[in-house]
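In what follows, a single structure is set out as structure tokens and then discussed.
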Amino acid sequence: MSHKCPVQSQAHPVQRLAVLLAAISAVLLPAAGFAFNSGSTGADGALAPTVNTAIQLPPSGVLNYTSVTIPAGVIVTFKKNALNTPVHLLVSGDVTVRGTILMRGGAATSTGTYGDGNQADDGIPGDGGPGGFGGGRGGRDDTALRAEIIRSGAGLGPGGGSGDIDGVDGCNGTRHYKSRGVGGAYSTSIDAYSPYCGGAPRYVGSSYGSSLLQPLIGGSGGGGGRGGLNYPGSGGGGGGGALLIAASGAINLVSTGWIDVQGGDAGGVAGTGVGQQGAGGSGGAVRLVATSVTGTGIIYANGGCINRSNAARQGCQLYDAGGSDGRIRIEAENLTYTATTQPAFSVDTPGPVFLSSLPSLRISSVAGSAVSPVPTGTADVTLPATIVNPVTVLFETANVPQGNTILLKVIPAYGFPIEAISPAITGTAAAGNASVQVNLPQGPSTLQAVTTYTVVVAMGEALSRFAQNERVDKVQLIASMGGENQAKLITITGKEYIVPVSVLQMVGFTG
């Protein structure tokens, strides 16, 4: 969902709040199965563009094709829907990609003498790809360098990178830049400062989501850089998009084919009295599920970088304001795909395309003002400046277990995010609710809510006793001739344990 900060009226001060779709992280096991069926209805026919094509996503984010063929040299992009859902391509036949599916996070505009001469767009962050989240704004310019003016904004999303942090640089003034933005997190957490500083890391963005990419979540935005004397700081890059391709037949990513959900780069900074550097957005997510997956085409879901010396894709390391890598997962009954992806892809047999009972979480009201079920991300709620803090924020959930809490993050256009955790969700798993009180800052802000819970499937918790008390993420059965069948237990951290199936059956595991 795009992050556009409305202009605040001087005659009638108000607080304008943009409400993002809530992100839900769940961890679950795929169901065992054989002949894979994508579930496509084929209602959208065959996708076979001959020129560059931008496809408008329906409200559900789900497109049902009979086949997909993208020729070499053709770029396919997607226009976001109102809820900024991930892109789900369900295909009843085969998918052949010789061209490009482009869902990269947007790059922020450059600032100062690297800019385009229009200072009005200096500091604007990059937008997230479809299903991804936008970057944070660069701090404004101010000849007095007043903190409340030159502060930058944090990136959006569950792992959004922070903006600048007040105070002087540490580590003897080297490699500890509090004025810079911090890269968006996703598959890994982000340390605000480099390892050159030593000591315990300070994580500003935490990893999120499941390695199984269920549910599917895009990348988070990088934080903006502090403003300067004469020019703003640069904005953060947007997070990469989120893509599912599920085909009942084959997915063939030909050598010329390309799927790109990279995080966007931060804008460059240069000039006398210029602000500081924003940070890259995190990479997005790609999940391919099919009867077979073949080819040598490229998949990119790596994090965004910074613009240095007026050149893009520089300084991609996490300590140098780069964003975290996203996730790539391939599930197939027959896999002959041999390309080297960025990052490396995980492999499994086909699991369910969607969660059986899709969880949802939304912000229903703020300070007594109702929020539309379909927020736009731009001034969804307008509150009078005279409102008294703290205000109450109400949440509604569906298919989220009771007892879980909700993290509310208030992200000002400029300044530090404010977090509050709700009491346990009440009601029922089918229809729950919760509330939290929070102090709203003056000016425009974005509100986002996150709940994280574990879906216990296929005895994941019960099997932890056989994996040094670490919850089991998935089980692979190993059949052997002349010996007892074995099971490989794979934990949420990737550790593997071999256990006889007969032992697992004692605790109710049926395979």
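The values are calculated or read from the model by the stated rules, or taken from the named source; none is laboratory data. Nothing here was measured: the structure is a model prediction, and the numbers come from that model. Cβ: placed from backbone, ideal geometry, glycine included. Neighbour counts: every protein chain shown. Ligands, DNA and RNA are excluded from the accessible area calculation, which covers all protein heavy atoms including side chains. Shrake-Rupley method; radii C 1.70, N 1.55, O 1.52, S 1.80 Å.
Quick one: in region 417-454, which of the residues that are hydroxyl-bearing (S, T, Y) and in contact (Cβ under 8 Å) with a residue 60 or more places away in the chain is most open to solvent (accessible area, probe 1.4 Å)? Spell out how you get there, then give the answer.
Taking region 417-454 and keeping what is hydroxyl-bearing (S, T, Y), we get 422, 426, 428, 435, 445-446, 451-454.
Those still in the list that are in contact (Cβ under 8 Å) with a residue 60 or more places away in the chain too: 445-446, 451-454.
On the way: S445: 5, T446: 2, T451: 1, T452: 92, Y453: 17, T454: 59 Å².
Of everything passing the filter in region 417-454, T452 is most open to solvent (accessible area, probe 1.4 Å).
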- line: Per the list (1) touching a Ser or Thr at 6+ places or on another chain (Cβ under 7 Å); (2) assigned to a strand (DSSP E or B); (3) not small (G, A, S), residue check on V353 breaks on (2)
task: Restrict the check to region 135-158 and report whether at least one residue is touching an Asp or Glu at 6+ places or on another chain (Cβ under 7 Å), under 27 Å from I245 (Cα atoms) and either crowded, with 21+ Cβ neighbours inside 10 Å or not hydroxyl-bearing (S, T, Y) (or both).
output: no
message: Quick check on region 357-379: of everything there that is open to solvent by less than 60 Å² (accessible area, probe 1.4 Å) and at pLDDT below 85, which residue is farthest from the chain's Cα centre (by Cα)?
response: A379
message: Can you pull out every residue in region 239-253 that is more than 24 Å from S210 (Cα to Cα) and surrounded by fewer than 24 Cβ atoms within 10 Å (Cβ to Cβ)?
response: G249, A250, N252
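Looking only at residues in region 116-155 that are aliphatic (A, V, I, L, M) and in a loop (DSSP other than H, G, I, E, B), which one is farthest from G105 (Cα to Cα)? Talk me through it step by step, then tell me what you get.
Narrowing region 116-155 to residues aliphatic (A, V, I, L, M): 120, 124, 144-145, 147, 149-150, 154.
From what is left, the residues that are in a loop (DSSP other than H, G, I, E, B) are 124, 144-145, 154.
Working: I124: 14, A144: 34, L145: 31, A154: 16 Å.
The residue in question is A144.
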- prompt: If you scan region 71-100, which residues turn out to be crowded, with 17+ Cβ neighbours inside 10 Å, farther than 16 Å from L244 by Cα and at pLDDT 95 or above?
  reply: V74, R98, G99
task: Name every residue in region 292-321 that is in a strand (DSSP E or B), open to solvent by 10 Å² or more (accessible area, probe 1.4 Å) and either over 30 Å from F354 (Cα atoms) or at pLDDT below 95 (or both), in order of residue number.
output: N307, R308, A311, A312, R313, Q314
query: Is there a residue being polar (S, T, N, Q) and open to solvent by 10 Å² or more (accessible area, probe 1.4 Å) anywhere in region 404-416?
result: yes
